[in-house]
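Chemist: Please read through the structure below; I'll follow up with questions.
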Amino acid sequence: MRGWIVPPPKAPVKSREVLRKEREKKVRWLIRHGYLRSERIRDAMLRVRREDFIPLDYKDYAYLEVPLPLPGKDSTISCPHSYPLFYEPLGLDKGHTFLEVGLGSGYGTALAREIVGSDGLVVCIEIDPLTFEFGRNNLENAGYDDIVLIKGDGGTGYPQMSPYERICITAACHEIPPPLIEQLDEKGKLIGPVMDRGNQDLVLLEKGGKGFKKKVICQVLYVSLKGSYGTG
Ligand SMILES: C[S@@+](CC[C@H](N)C(=O)[O-])C[C@H]1O[C@@H](n2cnc3c(N)ncnc32)[C@H](O)[C@@H]1O
């Protein structure tokens, strides 16, 4: 993983209780550093056990600010602050229809499901078959049975359940894939990392009227999008 120092794999020794305390501490840290502001996102981060979405040999690192490797090619679970970093500007909230591109571990998907609640809808697409199985099993084991999981190319979206009020892309692209813009609700918001001269900007698009408002939130470092709108 370019740019990150990943700790060495090791057998887990931390108890549920130790990890619960680390989770609470992490949430306080995210609030203090301005990443986490809304109550629903905070509650979701307290409720979802991130360690349940991490391969055994990395579980003890669940609350470190590093992305950790997942089964599949170049797949990672993003570092903890990434989730409020994306979901706060997106304004993800109760009742939203939400599309995520890049299931990874399923952790971000579980958070989204907690945030939108049973009035909302979460659809998530993963292109890597090994990662897909890992993420799907994690969600199933954690008791999430009403998330729509699609194995395929998220760059083309999932028109069957569109329009989406919120869309999140969790891999870096050269441009936002046009099908995702088409599948965004007329007042929807989309967020994702876009490459720009060797850097990656976290870009927020807000649809409205006849066009878009575009805002760059900050620079980020994500794995590349694959598939028909991929960067490879
Ligand atoms: C940074 S990881 C996602 C982390 C995830 N949000 C989590 O909580 O673990 C990015 C994921 O996007 C997937 N991906 C890359 N290109 C994709 C595409 N075209 N369609 C769907 N998934 C894609 C990768 O295989 C990888 O699993």
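The values are calculated or read from the model by the stated rules, or taken from the named source; none is laboratory data. Quick caveat: nothing in here was measured; it's all calculated off a predicted structure. With ideal geometry, Cβ positions are generated from the backbone for all residues, glycine too; neighbour counts draw on all protein chains shown. Calculation scope for accessible area: heavy atoms of the full protein, side chains included, ligands and nucleic acids excluded. Shrake-Rupley method; radii C 1.70, N 1.55, O 1.52, S 1.80 Å.
Chemist: For Leu64 and Asn137 in one chain, what is 0.36 nm times their gap in residues minus the Cα-Cα distance, to one decimal in nm?
Modeler: 24.0 nm is the gain from fully extending Leu64 to Asn137.
Chemist: Let me ask something else about it. Using only C-alpha positions, report the orientation-averaged shadow area of the convex hull of the range 42-162, nm², one decimal.
Modeler: Answer in nm², one decimal: 7.0.
Chemist: Working only with C-alpha atoms, what are the Rg and Dmax values of the range 149-210, expressed in angstrom?
Modeler: Cα-based Rg and Dmax for the range 149-210 come out at 11.7, 35 Å.
Chemist: Could I ask something else about it? Kindly work out what percent of the DSSP beta bridges joining two residues of the range 3-148 are antiparallel, to the nearest 5.
Modeler: Expressed as a percentage, antiparallel bridges in the range 3-148 total about 25.
Chemist: Quantify, in whole percent, the carbon and sulfur part of the accessible surface of the chain (1.4 Å probe; protein heavy atoms only).
Modeler: Of all accessible area on the chain, carbon and sulfur atoms account for 52 percent.
Chemist: Once you have the Kirkwood Rh of the range 1-75 from its Cα pairs, apply Stokes-Einstein at 37 °C and 0.692 mPa s and quote D in µm²/s.
Modeler: Approximately 244 µm²/s, per Stokes-Einstein.
Chemist: In percent, how large is the relative contact order of the range 43-100, given Cα pairs closer than 8 Å and 6 or more residues apart?
Modeler: Relative contact order, the range 43-100: 20 percent.
Chemist: Would you work out the charge dipole size for the range 131-232 about its Cα centre, treating the Cβ of every Lys and Arg as +1 and the Cβ of every Asp and Glu as -1, and quote it to the nearest 20 debye?
Modeler: 420
Chemist: Leu221 versus Lys151, label points 7 Å from Cα toward the beta carbon: distance in nm?
Modeler: According to this spin-label approximation, the distance is 3.2 nm.
Chemist: Continuing with this model, one more query. Give Lys10/Lys73; Lys94/Lys151; Lys26/Lys73; Lys59/Lys226; Lys73/Lys187; Lys94/Lys226 a once-over and call out the pairs whose C-alpha atoms are over 32 Å from each other.
Modeler: Among Lys10/Lys73; Lys94/Lys151; Lys26/Lys73; Lys59/Lys226; Lys73/Lys187; Lys94/Lys226, the Cα-Cα distance tops 32 Å for Lys73/Lys187.
Chemist: Three principal axis extents, largest first, for the C-alpha atoms of the range 92-216, in Å?
Modeler: Here the Cα extents, ordered largest to smallest, are 41, 34, 22 Å.
Chemist: Provide the packing ranking of 117-123, 101-107, 221-227, i.e. peptides ordered by the mean count of other C-beta atoms within 10 Å per residue, highest first.
Modeler: Most protected by this proxy first, the peptides run 101-107, 221-227, 117-123.
Chemist: Moving to a separate point now. Using the Karplus curve 6.51 cos²θ - 1.76 cosθ + 1.60 with θ = phi - 60°, work out ³J(HN,Hα) for each residue of the range 207-213 in order, rounded to whole Hz, and write x for Gly and Pro.
Modeler: 7, x, x, 9, x, 9, 9
Chemist: Between Lys213 and Asp74, what is 0.36 nm times their sequence separation minus the Cα-Cα distance? Round to one decimal in nm.
Modeler: In short, 46.9 nm is gained.
Chemist: Additional query: Treating each Cα of the chain as an identical point scatterer and ignoring solvent, apply the Debye formula and state log10 I(q)/I(0) at q = 0.10, 0.12, 0.14, 0.18 Å⁻¹.
Modeler: At q = 0.10, 0.12, 0.14, 0.18 Å⁻¹ the computed log10 ratios are -0.41, -0.60, -0.85, -1.50.
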